[in-house]
Amino acid sequence: MNNYLNELTTIVVTYKTDIEILKNCLKSIDPKVKIILVENSNKFKHSNEIESNFPNVEIVCSGSNIGMGSGNNYGLRKVNTKYALVLNPDTICEDSFFSNINKYLSGEVDFTLMGCVYNKKTVFNSAGFFDNKDIKLAKYIKEINLYEVDWIVGHTILFNMQKFKEKNFFDESFFLFFEETDLCMRVKKKNEKVYMCPDLKLDHLGWKGSFATDKSLEEQADKIRNWHYMWSFFYYHKKNYGYIYSLIKSSSRLFRSIIRIVFYFITSNKKQRTIYTYRFLGLINAILLKKSYYRVDIDD
């Protein structure tokens, strides 16, 4: 089999990511694959260590914490190869990952986006359908060993860069959450292909790709996750289905947050009260059509 890995560039976006977690990710990437590491701040303090151990890595800094979608856009716009792999820093690719991905880099399979599967059992789906149809009903195409789906998870996405001539990737209104679902929606509306590949396996640690691994910053991580989850939930549905639909779909979450804020205030559960307060604030700001402005700045 021909080796097409020189046609692939991997994008890894970090924000003050734990260095050991990042190195485990980089070690799992085939050394023949070029890597663009995008640090979402104005300085990557581990540059010397990474560059000396991983000669295939190019480090660039976006200048500020611009979010996952924007950070990946920053890297994707620097790609000169036919294909790009967006990979979260808290992922570890299985040994056969790149020999298997090589089969889809020859240009013989027509696709726009391709996703992976989890190496271990998890409650999370790696792909799905916009109408919530059971993933087990996905159409399997034996000749190319792929499942045709509507959406794939965002921590690992293979991009056919030839389908993005205008370099229009993720909607940068999103900071966290739903940016990949929105991208898949746009691709499907153009009648292009989104696939899940059962041979592309990896481990995803989950919430280990940024400062969230620091126990002293757990509260800040809870705030930013919950604020942006609800903001993005509303924005995604408003953008793709309309304001009224999104308002109706979000109403139960809004009232649930209010009830739980009161309950956790009475029971003196600060952690849960903080979570639902920030869920409420994120959703209210989205309903009021405010931008996704909430950020947490972490000092080195």
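The values are calculated or read from the model by the stated rules, or taken from the named source; none is laboratory data. The structure displayed is predicted, hence computed values, not measured ones. So basically every Cβ, Gly included, is an ideal-geometry build from the backbone, and we count neighbours across all protein chains shown.
Assorted remarks:
- So residue 35, is it assigned to a strand (DSSP E or B), surrounded by fewer than 19 Cβ atoms within 10 Å (Cβ to Cβ) and modelled with pLDDT of 95 or more: no
- For the condition free of Cβ contacts under 8 Å to residues at least 12 places away in the same chain and at negative phi, residue 88 does not qualify.
- For the stretch 203-213, a residue qualifies if it is modelled with pLDDT of 70 or more and surrounded by fewer than 19 Cβ atoms within 10 Å (Cβ to Cβ), and the qualifying residues are 203, 205, 206.
- Unique match (being surrounded by 12 or more Cβ atoms within 10 Å (Cβ to Cβ), at pLDDT below 95 and in a loop (DSSP other than H, G, I, E, B)) among 120, 133: 133
- Criterion (of a type in the set (D, E, K, R) and part of a loop (DSSP other than H, G, I, E, B)) met by exactly one of 166, 180: 166
Quick grid of which residues meet (1) in a strand (DSSP E or B); (2) acidic (Asp, Glu):
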residue: 9; (1), (2): yes, no
residue: 17; (1), (2): no, no
residue: 20; (1), (2): no, yes
residue: 81; (1), (2): no, no
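- Which listed residue is in contact (Cβ under 8 Å) with a residue 60 or more places away in the chain, within 30 Å of residue 26 (Cα to Cα), touching a Lys or Arg at 6+ places or on another chain (Cβ under 8 Å) and assigned by TED's automatic domain parsing to the domain that holds residue 12, from 193, 167: 167
- Residue in the stretch 52-66 that is within 18 Å of the chain's Cα centre (by Cα), of a type in the set (D, E, K, R), farther than 25 Å from residue 199 by Cα and not assigned by TED's automatic domain parsing to the domain that holds residue 228 present: no
- Answer residue from the stretch 42-80, given it is within 20 Å of residue 155 (Cα to Cα) and polar (S, T, N, Q) and is surrounded by the fewest Cβ atoms within 10 Å (Cβ to Cβ) among those: 62
- Residues being free of Cβ contacts under 8 Å to residues at least 40 places away in the same chain, of a type in the set (Lys, Arg) and out of contact with any Phe, Trp or Tyr (no Cβ under 9 Å at 6 or more places or on another chain) - total across the stretch 210-261: 1
- Residue 162 satisfies every condition listed in (1) touching a helix residue (DSSP H, G or I) at 6+ places or on another chain (Cβ under 9 Å); (2) surrounded by fewer than 23 Cβ atoms within 10 Å (Cβ to Cβ); (3) touching a residue at least 60 places away in the same chain (Cβ under 8 Å) except (1).
- All helices (runs of 4 or more DSSP H) inside the stretch 187-300 with 3 or more residues being acidic (Asp, Glu): 218-241
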